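Every number here is computed from the coordinates shown, using simple stated rules; none is lab data. Nothing here was measured: the structure is a model prediction, and the numbers come from that model. All Cβ positions, even for glycine, are placed from backbone atoms using ideal geometry, and neighbour counts span all protein chains on display.
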Amino acid sequence: MLDRIYQLPFPTLKVTDEYELREIRDEDADAYFTYYQEPNVGQYILATDPRSLIEARAELQYCRNLFRVKRGLYWALSHIKTGEMIGAVGLYTNNFHHRTELCYDLNKDYWRQGIMSAALKSTFAYCFREAGIERIEAVTKPQNEASQGILASLGFDFEGILKAYRYYEGGFHDVTMYALTRPMYELIAPPPQENDLDQLLDDMSKS
Ligand SMILES: CC(C)(COP(=O)(O)OP(=O)(O)OC[C@H]1O[C@@H](n2cnc3c(N)ncnc32)[C@H](O)[C@@H]1OP(=O)(O)O)[C@@H](O)C(=O)NCCC(=O)NCCS
């Protein structure tokens with residue numbers, strides 16, 4: 001069972017010198033709502049599309065609560081200096097099967113600069129090196145070239161098309177299924193840094 005991760009404080013993950021993945025805060029709702037005003041951000045997402053600030057606040061509260069109810073982790077991807085949220089990375093965990101479903105979005109002003117790739121690599125290191133996850137899966141709409149492009153570039157396997165897999169706004173949608181498992185990750189991952197190992201040993205001694 002993955003329960004151990006929920007006994008620890010919510011993890012902040014370093015992404016680059018400029019960006020980090022941190023716990024969602026109430027004040028993120030403005031930035032989150034603003035970047036969803038750009039139609040390209042939500043056009044292929046079969047879940048989130050806040051249409052008002054109130055909906056954005058409710059959505060973020062739901063996401064933050066996932067950790068408290070042991071169903072997952074949802075990070076705000078943000079500027080370290082200003083705290084501004086520019087995107088999100090979420091994991092919906094199946095604790096029994098050590099499996100998690102990944103989702104992500106990014107303010108369009110920041111697309112194609114390698115920022116989400118860096119954020120996802122930090123998330124994968126957390127999943128496989130700290131959390132005990134064995135499989136990360138991601139589903140996308142078949143038309144979502146950006147999402148499938150990033151998954152393929154990060155080593156995910158395309159596993160097929162799942163018919164009528166997602167119910168959203170009155171319709172049942174086909175999705176493509178991608179996955180990264182621990183053995184695949186070990187083949188492509190950078191070796192753990194010495195300070196990662198120190199951190200790991202420290203965490204283990206506390207748990
Ligand atoms: C998917 C998304 C997060 C990618 O973020 P990003 O920071 O722009 O991605 P990166 O810059 O790290 O791109 C890494 C690689 O992914 C692929 N990629 C990214 N955007 C792409 C696009 N529009 N078309 C095709 N491939 C793309 C490329 O291989 C890219 O490498 P390259 O730039 O060297 O060619 C962003 O496009 C987004 O927020 N989309 C809307 C939300 C969404 O659809 N989320 C997924 C829901 S399933």
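General remarks:
- Overall form of region 4-195 per C-alpha gyration tensor (a/c, 1.5; a/b vs b/c): rounded
- Charge dipole of the chain (Cα centre as origin; +1 on each Lys and Arg Cβ, -1 on each Asp and Glu Cβ, all else neutral): 460 debye, rounded to the nearest 20.
- Chymotrypsin sites (Phe, Trp or Tyr not before Pro) lying in DSSP loop within region 58-107, provided at most 10 other Cβ fall within 10 Å: F96
- Global form of region 70-155, assessed from the alpha-carbon gyration tensor, a/c cut-off 1.5: oblate
- Sites matching trypsin sites (Lys or Arg not before Pro) across region 73-118 that sit in DSSP coil, with at most 14 neighbouring C-beta atoms within 10 Å: K81, R112
- Listed by chain and number, the lysines whose alpha-carbon sits under 23 Å from that of K14, ignoring those within fewer than 8 places in the same chain, are K70, K81, K108, K121, K206.
- Qualifying GluC sites (Glu not before Pro) in region 1-56, where qualification requires a DSSP coil assignment and no more than 16 other C-beta atoms within 10 Å, comprise E18.
- Three-way shape label, region 1-84, alpha-carbon gyration tensor, a/c 1.5: oblate
- Note: relative contact order over region 4-195, using C-alpha pairs below 8 Å and six or more positions apart, is 18 percent.
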